[in-house]
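The values are calculated or read from the model by the stated rules, or taken from the named source; none is laboratory data. Here the structure is a predicted model, which means the values were calculated and not measured. Heads up, the Cβs are rebuilt from the backbone with ideal geometry, glycines too, and the neighbour counts pull from every protein chain shown.
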Amino acid sequence: MSKPLEGKVALVTGGSRNIGRETALALARRGADVVITYREREEAAAKVVAELEAEGVRATALRVDLTGTAGLPDFVDAFRQVLAGWGRSSFDILVNNAGVLRLATFERVTEEDLDYNFQTNYKSVFFLTQRLMGDLAEGGRIINLGSGTARIAFGPLVSYGPIKAALQCLTAYLAAFLGPRGITVNAVAPGGLDDDFNAELFSNMPPARDHIRSNTALKRIGVPGDVGGVIAFLASPEASFISGAVLPIDGGYHL
Ligand SMILES: NC(=O)c1ccc[n+]([C@@H]2O[C@H](COP(=O)([O-])OP(=O)(O)OC[C@H]3O[C@@H](n4cnc5c(N)ncnc54)[C@H](OP(=O)(O)O)[C@@H]3O)[C@@H](O)[C@H]2O)c1
């Protein structure tokens, strides 16, 4: 594979598994050095770092809890130390991937559920990006993880989908704000994937699997590997004139 991202440094939040891991690997295969973050799965994160290094790039994992904003200052300091150790004072690609899903139908959602989904999926993305935007090099890239549930209502995700819609809207605002620095900001909107994220949904609501499959043009449920390469494409030179876009990665869901 050619290495269009050689010399670039990427930060992928929630890189210890699934979409974040696949994204980190796709970036590394294209030559980028990668910092991943994790919240609790230190061992899994260390394994991903080894996989990234095996691609011939520099890689490290940092712990950060993105449930709130309290950990952000220390995390940003630690990230800047990694950059300095790599001889860099800036970085190139920010993938805001870490996210959570608490399920409940509308009549059951508590204030705590809504806050939980909001803190990690929106608030921490907002303030992490605010803190790091000055560290992004000219021509940098930001890719946010939206969701198909921002477009299509799916009952038990009522306290999640609208928050992803807000994140997709923020993507456009940031694209407008950072465009003059040559920074592109885009979102991807995966459909429901077969991974840990949906384990509770698929075990509580087994028909959800068939529902997704039968309403998908390609008649299968996606996997994290369907997403990582698309994010790496948005980080690549070929995508330099795409900004403010939300790209569905859902096999054609509810067309
Ligand atoms: N899977 C889907 O069907 C789907 C569809 C559309 C959009 N998305 C979005 O894609 C992103 C990744 O999804 P995924 O399926 O890869 O999720 P996942 O398998 O649950 O992995 C989530 C990652 O985020 C980290 N993380 C979770 N909560 C965190 C917190 N509060 N602070 C810091 N790190 C945290 C986890 O770290 P630990 O491993 O240490 O816990 C893990 O690395 C999310 O933003 C999700 O909303 C997923």
Considering segment 154-167, residues that are modelled with pLDDT of 95 or more and out of contact with any Ser or Thr (no Cβ under 8 Å at 6 or more places or on another chain), and then whichever is nearest to G228 (Cα to Cα), we arrive at L167
Please go through segment 30-49 and pick out each residue that is more than 10 Å from the ligand (Cβ to nearest atom) and farther than 21 Å from R141 by Cα. A46, K47, V49
Which of (1) hydroxyl-bearing (S, T, Y); (2) away from the ligand (no atom under 11 Å from the Cβ); (3) not in a loop (DSSP other than H, G, I, E, B) does S2 not meet, given it meets every other one? (3)
Out of L27, L11, which single residue is assigned to a strand (DSSP E or B), at pLDDT 95 or above and either more than 10 Å from the ligand (Cβ to nearest atom) or farther than 19 Å from V188 by Cβ (or both)? L11
Please enumerate the residues belonging to segment 215-247 that are farther than 22 Å from G15 by Cβ and surrounded by fewer than 19 Cβ atoms within 10 Å (Cβ to Cβ). N215, A217, L218, K219, R220, P237, E238, S240, F241, I242, G244, A245
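Could you tell me whether any residue of segment 85-93 is within 19 Å of V35 (Cβ to Cβ) and among the acidic types (D, E)?
yes
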Hits in segment 234-249 - residues which are in a helix (DSSP H, G or I) and within 14 Å of the chain's Cα centre (by Cα): L234
Pair list, Cβ < 9 Å and 6+ apart or interchain, from segment 193-213 residues that are within 12 Å of the ligand (Cβ to nearest atom) to residues that are hydroxyl-bearing (S, T, Y): I212/Y253
Are any residues in segment 30-50 outside any strand (DSSP E or B) and of a type in the set (D, E, K, R), and if so, which ones? R30, R39, E40, R41, E42, E43, K47
Taking the stated definitions as given, is S203 at pLDDT 95 or above and either touching a Gly at 6+ places or on another chain (Cβ under 7 Å) or not aromatic (F, W, Y) (or both)? no
Is segment 205-223 home to any residue that is in contact with a strand residue (DSSP E or B) (Cβ under 9 Å, 6 or more places away or on another chain) and assigned to a helix (DSSP H, G or I)? yes
Restricting attention to segment 84-102, report how many residues are over 18 Å from P4 (Cα atoms) and among the aromatic types (F, W, Y). 1
Long-range neighbours under 7 Å by Cβ, at least six apart or interchain, first residue more than 16 Å from L128 (Cβ to Cβ) and touching a residue at least 24 places away in the same chain (Cβ under 8 Å) within segment 43-68, second part of a helix (DSSP H, G or I) and of a type in the set (K, R): V48/R21; E55/R29
Helices (runs of 4 or more DSSP H) contained entirely in segment 57-172, each with at least 1 residues that are within 12 Å of the ligand (Cβ to nearest atom), closer than 22 Å to A24 by Cα and among the polar types (S, T, N, Q): 124-132
Restricting to segment 84-109, name every residue that is within 27 Å of E138 (Cα to Cα) and surrounded by fewer than 18 Cβ atoms within 10 Å (Cβ to Cβ). A84, G85, W86, G87, R88, S89, S90
Just to be sure, is V188 in a helix (DSSP H, G or I), crowded, with 16+ Cβ neighbours inside 10 Å and touching a residue at least 60 places away in the same chain (Cβ under 8 Å)? no
With the structure loaded, tell me whether E22 is within 25 Å of G222 (Cβ to Cβ), of a type in the set (D, E) and not in a loop (DSSP other than H, G, I, E, B) or whether it fails that test. yes
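Residue-by-condition table, conditions (1) within 21 Å of S243 (Cα to Cα); (2) charged (D, E, K, R); (3) buried (at least 16 other Cβ atoms within 10 Å of the Cβ):
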site	(1), (2), (3)
E111	no, yes, no
S124	no, no, yes
Q130	yes, no, no
F154	no, no, yes
I183	yes, no, yes
